[in-house]
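*Asks:* First the structure, which I've put down as structure tokens, then a few questions once you've had a look.
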Amino acid sequence: MSHTKSEIHFPPDFRWGTATSSHQVEGYNTNNDWWAAEQAGGTVFENQSSGRACDWWLRAENDFDRMAEMGQNAHRLSIEWSRVQPTPDTWSEAALLRYRDMIEGLHARGIEPMVTLYHFTLPKWIAERGGWENKHSPEWFVAYVRKVVTALGDLVTLWCTINEPMVLVGQGYAVDIWPPGERDLNLALKAALNLARAHAAAYHIIREIIPDAQVGLAKHMVVWKPHRDWLPTDHLITKVFDYVTNHAFLRAVTRGQIWIPGRGTFVIDNGKNTLDWLGINYYQRYRVGAKIFNILRNFFPGIPAEVIYQATRRGNQKGPGPWGEIHARGLYESLGAVEKYGIPLYVTENGLPDEYDHYRPRFILMHLYQLSRAIEQGMPVRGYYHWSLVDNFEWDKGYNPQFRFGLLGVDFETQERIPRKSGQLYTEICQQGGLTCEMIQRYAPLALPVIFPHCDGLT
């Protein structure tokens, strides 16, 4: 890592990539819980269906060509469980062959695959049996993992077992936004524990089949700050949110046990030290606190109020809708918060919904600057996977134009790829292996005083 007054160079073996997930790009994944929810209505923006998505099942290689042209040397993609195991007693060799073709296609273009085994979607037959609430879910996951890794293990070194387990738990079991559409903290705890057990068991199976495999997971990290610095309860709630959302699951798969406030300690069998690396998905900062009336309710029980709320401060940039504050330093802070686990780190997702590409170039530059600071200070970050290569089906946001994440736009009617300025910027970053003063002047000059304050070209 080198940093001069006009250039930042990342390590020569740094992985520059993008990330996608199967249901969001493949099209017509008709046998999973998300497709069922889309058809039932009431979950997705304007009751949209993922439909054809980005048509990757038929022609992912076209976008692989674009990755190679952009200078990317890595890509994170996921396997769709419902394609591989459409029923409890059926395995699709055709689906595995298609995934093999995809992964070989990446290798042929000089792109190293990172394969995620579970990215939010369950086969319908598992969802109908209670999904992650079912005590047998870790066993079902391990059987699927064994099948996939046996079939594809000669092509893949970097395995990601589960994507954002606590996001799934929160969205699906705590706030009733995603399938299975529950609002029950007891079910949320049961699902979280089964996800931890599933990861631990999968880790050992993968290492048994491929002894030199590197196995990790992608953990969503949020920077939580008290909304009111003067209010002690806001600080307390911030600490609770930080622990539960950011660190509880990681303790389960590094220490082999998980402590839940008010519930006690739970042991995860064979869960200790089941991470060879950790992926960080970082997007935003939230400010959190207690409703004033809720505090008063402790003294006057008749006052109705919510327990917590999230907020942003006036003047701070935020994303659309419920999104929090855009805060590039939060990437540095999040990496610092997990450095204590003592394992290699990857930024497995980082991006911005921005249909017209007004802010994404500056977002990329500012976050990569913070990433460079982390590496300079010795944090073992091995790669950066931008979310995402292309616009895609954004879960409950569907195809809402406010939630377009692609370096390349997509016309979902024609499947045309539409170049964006941020895509050209990322191409230059990947090809040069870093950032330059001149690059920032062209794409996001407002970032220049922060990244290169002493650049000779600064005007």
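*Asks:* Return the pair list, or none, for Cβ contacts closer than 8 Å from residues in region 1-12 that are over 14 Å from GLU438 (Cβ atoms) and without any contact (Cβ under 8 Å) to a residue 24 or more places away in the chain to residues that are of a type in the set (Asp, Glu) and crowded, with 17+ Cβ neighbours inside 10 Å, at least 6 apart or on different chains.
*Replies:* As it stands, the answer is none, since no pair meets every condition given.
*Asks:* Additional query: Enumerate the pairs (first residue in region 114-143 and in contact (Cβ under 8 Å) with a residue 24 or more places away in the chain and over 24 Å from TYR385 (Cβ atoms); second residue anywhere and of a type in the set (A, V, I, L, M, F, W, C) and assigned to a loop (DSSP other than H, G, I, E, B)) with beta-carbon separation below 6 Å, excluding pairs fewer than 6 apart on the same chain, so at least 6 apart or on different chains.
*Replies:* If the second residue must be of a type in the set (A, V, I, L, M, F, W, C) and assigned to a loop (DSSP other than H, G, I, E, B), the pairs left are GLY131/LEU122.
*Asks:* Within the bounds of region 385-402, is there any residue that is touching a Lys or Arg at 6+ places or on another chain (Cβ under 8 Å), closer than 18 Å to PRO11 by Cα and assigned to a helix (DSSP H, G or I)?
*Replies:* no
*Asks:* I need a count of the residues in region 5-30 that are within 22 Å of PRO344 (Cβ to Cβ) and either modelled with pLDDT under 95 or not in a loop (DSSP other than H, G, I, E, B) (or both).
*Replies:* The total comes to 7.
*Asks:* Output the qualifying pairs, or none if there are none: Cβ atoms under 9 angstrom, residues six or more apart or on different chains, first residue in region 272-283 and more than 16 Å from ILE258 (Cβ to Cβ), second residue surrounded by 21 or more Cβ atoms within 10 Å (Cβ to Cβ) and modelled with pLDDT under 95.
*Replies:* TYR283/GLY324
*Asks:* What residue, among those in region 271-291 that are in contact with a strand residue (DSSP E or B) (Cβ under 7 Å, 6 or more places away or on another chain), under 17 Å from THR312 (Cα atoms) and not hydroxyl-bearing (Ser, Thr, Tyr), is modelled with the lowest pLDDT?
*Replies:* Result: LYS291.
*Asks:* Taking region 31-43, which residues are assigned to a loop (DSSP other than H, G, I, E, B) and either crowded, with 16+ Cβ neighbours inside 10 Å or touching a strand residue (DSSP E or B) at 6+ places or on another chain (Cβ under 9 Å) (or both)?
*Replies:* Matches in region 31-43: ASN31, THR43.
*Asks:* Moving on to the next point. Mind checking which residues of region 196-205 are crowded, with 18+ Cβ neighbours inside 10 Å and either touching a Ser or Thr at 6+ places or on another chain (Cβ under 8 Å) or modelled with pLDDT under 95 (or both)?
*Replies:* ALA198, HIS199, ALA200, ALA202, TYR203 - these are the residues of region 196-205 that are crowded, with 18+ Cβ neighbours inside 10 Å and either touching a Ser or Thr at 6+ places or on another chain (Cβ under 8 Å) or modelled with pLDDT under 95 (or both).
*Asks:* Residues THR245, THR265, THR238, THR233: which one is polar (S, T, N, Q), out of contact with any helix residue (DSSP H, G or I) (no Cβ under 9 Å at 6 or more places or on another chain) and not in a strand (DSSP E or B)?
*Replies:* Values: THR245 fails: out of contact with any helix residue (DSSP H, G or I) (no Cβ under 9 Å at 6 or more places or on another chain); THR265 fails: not in a strand (DSSP E or B); THR233 fails: out of contact with any helix residue (DSSP H, G or I) (no Cβ under 9 Å at 6 or more places or on another chain).
Of the residues listed, the single one that is polar (S, T, N, Q), out of contact with any helix residue (DSSP H, G or I) (no Cβ under 9 Å at 6 or more places or on another chain) and not in a strand (DSSP E or B) is THR238.
*Asks:* Something else now. Could you tell me which residue of region 83-106 is surrounded by the fewest Cβ atoms within 10 Å (Cβ to Cβ), considering only residues that are in a loop (DSSP other than H, G, I, E, B) and touching a strand residue (DSSP E or B) at 6+ places or on another chain (Cβ under 8 Å)? Walk me through it before giving the result.
*Replies:* So in region 83-106, the residues in a loop (DSSP other than H, G, I, E, B) come out as 85-86, 88-89, 91-92.
Add one more test, that the residue is touching a strand residue (DSSP E or B) at 6+ places or on another chain (Cβ under 8 Å), and what stays is 85-86.
Numbers: GLN85: 22, PRO86: 18.
Within region 83-106, the match that is surrounded by the fewest Cβ atoms within 10 Å (Cβ to Cβ) is PRO86.
The values are calculated or read from the model by the stated rules, or taken from the named source; none is laboratory data. Quantities reported herein were computed from a predicted structural model and do not represent experimental measurements. Using ideal geometry, Cβ is built from the backbone for each residue, glycine included, and neighbour counts are taken over all protein chains shown.
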